[in-house]
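Here is the structure we will look at, set down as structure tokens.
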Amino acid sequence: MAHLSRADIVALDKRYIWHPYTPMRRYIDEVDPLVIERAEGARLFDADGRSYIDGNSSWWVATLGHNHPRLVEALCRQARTMCHTSLAGVTHAPAAELAAEMIAVAPRPLDRVFYSDDGSTAVEVALKLCLQFFRNEGQPGRRRFVALDGAYHGDTLGAASLGGVEIFRRQYGGVLMDCIFVPPPHAREDGHEAAFAALADVLARGAGEIAAVVLEPLVQGTAGMRIYDPEYLRRARALCDAHGALLVIDEVFTGYGRTGPMWACEAAGVAPDLLCTGKGFSGGMLPMAATLATARIFDAFLGAPERAFYYGHSFCGNPLGAAVAREVLAVYREEEILARAAPKAARIARAFADMGAIPGASRARALGMIGAIDLSRGAGYLGELGWRAYAEARRLGAYLRPLGDVVYVAPPLTIPDADLDELLDIVRRSVTFALSTA
Ligand code: PMP
């Protein structure tokens, strides 16, 4: 096809694409989308030659920035020898080596890697493993899950059942699994004790019925970057153990150093029975995810064939994705990504603390490579002020997709200091602007 102009691309897009998380009438009539032609490091370059600092690592995946040369090289190298084979009675070096390397960096006692495609499927796998684990173990009554109000674990039906964001659930009422929701620890000033008591109560009353508690560790991302104390994870772990339930930790957003350590659950000294990883795991190159399980869980699937896990996607363990994911781990190790992100995280924390003084702004907060601030109280996912900040940030050269009226940054861990300072300055100016229109 001949080189398309920006207008041609937008015309095709508006005629044929159905965008995710997008009210399409408004999009088609009013939105002038960013048309990105190229991406490098922490920047996206559009068809007009403008660049935008990627304030959210493109939906939180590009933790090493865009087109990291080592990841591109790993992808091309693998593509020249083998792009795909299934894992059905077949194996290959990238998937086998990656699994060993994952277990080496995973919290103990995680011991096995089940591959899938994205964060939602990593969670879907965890849910099915929990259900079948208990059936295989002779406790078939354990079929329910506990999640936090405001939780987000993905969009497939199982994962969406755990979702506590009302607007994402409402359409599927009566079809989603009947999960038990408990208040998150940051819900009120005394939230920590109240939340712990609520979880303790649910687990005690549901003994014999609850398969697992599923948590986003330390920060509920999609709920609006709601940060909570690691103590809650420790207590959740102890409660699950006391009541014989499993603990699933969804590190899809928080893994790969987003909150500081490689895994957010490390900050609490807690290891789950199942850990879900995606996004950063993929290096932001190809869909790729994994669910890590303990030997105790794995062993329950051994023996007679009917005990096996009959589940798998066409692309699980895909060699291209696996080769890139291995290189991601090598880059984390060799380029000391976590240590080098620490001073950047401190810059984010300082900048957001300062933004707390902007009239009308509230709850400025930061954790690792996340900074967030609220522009209104309780407007939820459909708040409009965040989008005013988005528009202003775009004008100033940053891509800042808000969560309703929560404006946040979650940039690549490798963002150069100059880009980070520019990003934080744009956030401050955009928030000030949006609030001045309130
Ligand atoms: N779990 C968490 C904690 C997430 O933040 C997300 C996506 N934002 C998912 C699961 C789903 O991941 P995906 O969009 O890759 O399916």
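Within the stretch 122-137, being under 16 Å from the mean Cα position of the chain (by Cα) and open to solvent by 10 Å² or more (accessible area, probe 1.4 Å) holds for one residue alone: GLU124.
Taking the criterion of being charged (D, E, K, R) and within 12 Å of the ligand (Cβ to nearest atom), the only residue of the stretch 261-291 that qualifies is LYS279.
The selection criterion, being open to solvent by 20 Å² or more (accessible area, probe 1.4 Å), touching a strand residue (DSSP E or B) at 6+ places or on another chain (Cβ under 9 Å) and away from the ligand (no atom under 13 Å from the Cβ), holds for ILE103.
The set of residues in the stretch 52-74 that are away from the ligand (no atom under 16 Å from the Cβ) and part of a strand (DSSP E or B) comprises TYR52, ILE53, HIS66.
Results for (1) free of Cβ contacts under 8 Å to residues at least 60 places away in the same chain; (2) not acidic (Asp, Glu), shown as yes or no for each residue.
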residue	(1), (2)
ILE103	no, yes
ASP111	no, no
ALA126	no, yes
PHE145	no, yes
GLY150	no, yes
LEU162	yes, yes
MET177	yes, yes
PRO183	yes, yes
GLU193	yes, no
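Residue count for the stretch 246-265 under the criterion of being in a strand (DSSP E or B) and more than 11 Å from the chain's Cα centre (by Cα): the result is 4. Is it true that ALA372 is over 23 Å from LEU218 (Cα atoms) and surrounded by 24 or more Cβ atoms within 10 Å (Cβ to Cβ)? Judged against the criteria, ALA372 is not a match. Count of the stretch 75-90 residues, restricted to those that are open to solvent by 40 Å² or more (accessible area, probe 1.4 Å), in contact (Cβ under 8 Å) with a residue 40 or more places away in the chain and outside any helix (DSSP H, G or I), is 6. Among the residues in the stretch 292-302, are any within 16 Å of the ligand (Cβ to nearest atom) and either of a type in the set (S, T, N, Q) or buried (at least 24 other Cβ atoms within 10 Å of the Cβ) (or both)? Within the stretch 292-302 (the criterion being within 16 Å of the ligand (Cβ to nearest atom) and either of a type in the set (S, T, N, Q) or buried (at least 24 other Cβ atoms within 10 Å of the Cβ) (or both)), the answer is yes, since at least one residue qualifies. Is the stretch 162-171 home to any residue that is part of a loop (DSSP other than H, G, I, E, B), in contact with a helix residue (DSSP H, G or I) (Cβ under 6 Å, 6 or more places away or on another chain) and not polar (S, T, N, Q)? Within the stretch 162-171 (the criterion being part of a loop (DSSP other than H, G, I, E, B), in contact with a helix residue (DSSP H, G or I) (Cβ under 6 Å, 6 or more places away or on another chain) and not polar (S, T, N, Q)), the answer is yes, since at least one residue qualifies. For the stretch 138-154, a residue qualifies if it is out of contact with any Gly (no Cβ under 8 Å at 6 or more places or on another chain) and open to solvent by 10 Å² or more (accessible area, probe 1.4 Å), and the qualifying residues are GLY138, PRO140, ARG143. Residues that are open to solvent by less than 10 Å² (accessible area, probe 1.4 Å) and not hydrophobic (A, V, I, L, M, F, W, C) were ranked within the stretch 211-227; the one that is farthest from the ligand (Cβ to nearest atom) is GLY224. Within the stretch 265-291, restricting attention to residues that are of a type in the set (A, V, I, L, M, F, W, C) and in contact with a strand residue (DSSP E or B) (Cβ under 7 Å, 6 or more places away or on another chain), the residue that is farthest from GLY208 (Cα to Cα) is PHE281.
All conditions but one from (1) in a loop (DSSP other than H, G, I, E, B); (2) open to solvent by 30 Å² or more (accessible area, probe 1.4 Å); (3) at negative phi apply to HIS192; the one that does not is (1).
Of all residues assigned to the stretch 17-36, at least one qualifies as being assigned to a loop (DSSP other than H, G, I, E, B), outside the structural domain of LEU382 (by TED's automatic domain parsing) and either basic (Lys, Arg) or in contact with a Pro (Cβ under 9 Å, 6 or more places away or on another chain) (or both).
The values are calculated or read from the model by the stated rules, or taken from the named source; none is laboratory data. Since the model is a prediction, treat every value here as computed from it, not as a measurement. Reconstructed Cβ throughout: ideal geometry from the backbone, glycine too, with neighbour counts over all protein chains shown. Areas reflect the complete protein model, heavy atoms only, side chains present, ligands, DNA and RNA absent. Shrake-Rupley method; radii C 1.70, N 1.55, O 1.52, S 1.80 Å.
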